[in-house]
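Asks: Next up is a structure, given as structure tokens.
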Amino acid sequence: MTANDEMIIYYFWTISDWAYFGGERLEALAQQNGVAIDYRPVDLPKIYARTGGILLGQRATQRQDYRIAELKRWRARLGMPLNIEPKYFPVDQDPSSRLIVAAKQAGLRIGPLTNAIMRGMWANEQDIADEATLKEIAAPLVPDIETLIALARTPQVQAEYERYTEQAPSDGVFGSPFYLYGGEVFWGQDRLDFLAEAVRR
């Protein structure tokens, strides 16, 4: 196995409702099995452009209606708060993605920050494209929010974010959330059970 085979590579869009549903369960899965997670936020519309995905607003009415029905089902199943039509959606994913990449480069814990950002959008009606809002969300979770915000503005953070987006389709990624482990790929938070089985093998 290579180093990457021994960890879960996690590609996600920071404004993804399904990644929000799966985020805390992914963290729990990793902790229970002693496996690391490599967090890789991406610009999903660019991945869609290369893999045949269709943005939500461009999908047929039937598909949009079914998505809402599924969100309601999973909200009830998981007991997680979710605003079906959040006040700030869609928004620019770049600021939150860069903040997560910056935290990663700084060696900070990424899971709690990532999940707090997604919860901000999907449960707390917060604008995660707004820097002041991101500071408010992140400040309790990092030792120095001003330094982290400054790092998030740097070219090296932008370059790493772009590298994840560029690499994702080559790794088989076409949606969010997407998990890679041990040479297998898993699309969607409803595939976490299969991911867990792979990790335990």
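Asks: Does the range 32-50 hold any residues that are in contact with a Gly (Cβ under 9 Å, 6 or more places away or on another chain), open to solvent by 20 Å² or more (accessible area, probe 1.4 Å) and more than 17 Å from residue 194 (Cβ to Cβ), and which are they?
Replies: Within the range 32-50, 45, 48 meet the criteria.
Asks: Go through the range 88-115 residue by residue and tally those that are among the basic types (Lys, Arg) and without any contact (Cβ under 8 Å) to a residue 40 or more places away in the chain.
Replies: Residues flagged as among the basic types (Lys, Arg) and without any contact (Cβ under 8 Å) to a residue 40 or more places away in the chain within the range 88-115 amount to 1.
Asks: Something else: Looking at the range 154-165, can you tell me whether even one residue there is at pLDDT below 95, open to solvent by 30 Å² or more (accessible area, probe 1.4 Å) and either under 23 Å from residue 44 (Cα atoms) or assigned to a loop (DSSP other than H, G, I, E, B) (or both)?
Replies: Taking every residue of the range 154-165 in turn, none turns out to be at pLDDT below 95, open to solvent by 30 Å² or more (accessible area, probe 1.4 Å) and either under 23 Å from residue 44 (Cα atoms) or assigned to a loop (DSSP other than H, G, I, E, B) (or both).
Asks: Another one. Somewhere in the range 165-174, is a residue in contact with a Leu (Cβ under 7 Å, 6 or more places away or on another chain) and among the acidic types (Asp, Glu)?
Replies: Filtering the range 165-174 for residues in contact with a Leu (Cβ under 7 Å, 6 or more places away or on another chain) gives 171.
With the extra rule that they be among the acidic types (Asp, Glu), the set shrinks to 171.
Among the residues of the range 165-174, at least one is in contact with a Leu (Cβ under 7 Å, 6 or more places away or on another chain) and among the acidic types (Asp, Glu), which makes the answer yes.
Asks: For residues that are more than 16 Å from the chain's Cα centre (by Cα), among the hydrophobic types (A, V, I, L, M, F, W, C) and not in a helix (DSSP H, G or I), tally how many sit in the range 8-52.
Replies: 1
Asks: How about the range 181-201: which of its residues are open to solvent by 20 Å² or more (accessible area, probe 1.4 Å) and within 14 Å of the chain's Cα centre (by Cα)?
Replies: 187 - this is the single residue of the range 181-201 that is open to solvent by 20 Å² or more (accessible area, probe 1.4 Å) and within 14 Å of the chain's Cα centre (by Cα).
Asks: Test residue 66 against the criterion of being part of a helix (DSSP H, G or I), out of contact with any helix residue (DSSP H, G or I) (no Cβ under 6 Å at 6 or more places or on another chain) and closer than 17 Å to residue 18 by Cα, and give yes or no.
Replies: So residue 66 passes the test.
Asks: A follow-up question, please. Select from the range 168-180 the residues that are in contact (Cβ under 8 Å) with a residue 40 or more places away in the chain and in a helix (DSSP H, G or I) and write down the one among them that is least open to solvent (accessible area, probe 1.4 Å).
Replies: Taking the candidates together, the pick is 168.
Asks: Do we have any residue at all in the range 76-83 that's in a helix (DSSP H, G or I) and of a type in the set (D, E, K, R)?
Replies: yes
Asks: Out of the residues in the range 69-82 that are surrounded by 12 or more Cβ atoms within 10 Å (Cβ to Cβ) and among the aliphatic types (A, V, I, L, M), state the one that is nearest to residue 124 (Cα to Cα).
Replies: So, considering only residues that are surrounded by 12 or more Cβ atoms within 10 Å (Cβ to Cβ) and among the aliphatic types (A, V, I, L, M), the one nearest to residue 124 (Cα to Cα) is 82.
Asks: If the requirement is being over 23 Å from residue 34 (Cα atoms), without any contact (Cβ under 8 Å) to a residue 40 or more places away in the chain and acidic (Asp, Glu), which of these qualifies: 184, 160, 131, 125?
Replies: 131
Asks: If you don't mind, there's one more thing I want to ask. So is residue 114 polar (S, T, N, Q), exposed (fewer than 12 other Cβ atoms within 10 Å of the Cβ) and out of contact with any Asp or Glu (no Cβ under 6 Å at 6 or more places or on another chain) or not?
Replies: no
Asks: Shifting gears a bit: Only one of 53, 57 is in contact (Cβ under 8 Å) with a residue 60 or more places away in the chain and open to solvent by 10 Å² or more (accessible area, probe 1.4 Å); which?
Replies: 53
The values are calculated or read from the model by the stated rules, or taken from the named source; none is laboratory data. Only a predicted model underlies this, so the values are computations on that prediction, with no experimental measurement involved. For neighbour counting, all protein chains shown are included, and Cβ atoms are generated from backbone atoms with ideal geometry for every residue, glycine included. Side chains included, ligands, DNA and RNA excluded: accessible areas come from the protein's heavy atoms. Shrake-Rupley method; radii C 1.70, N 1.55, O 1.52, S 1.80 Å.
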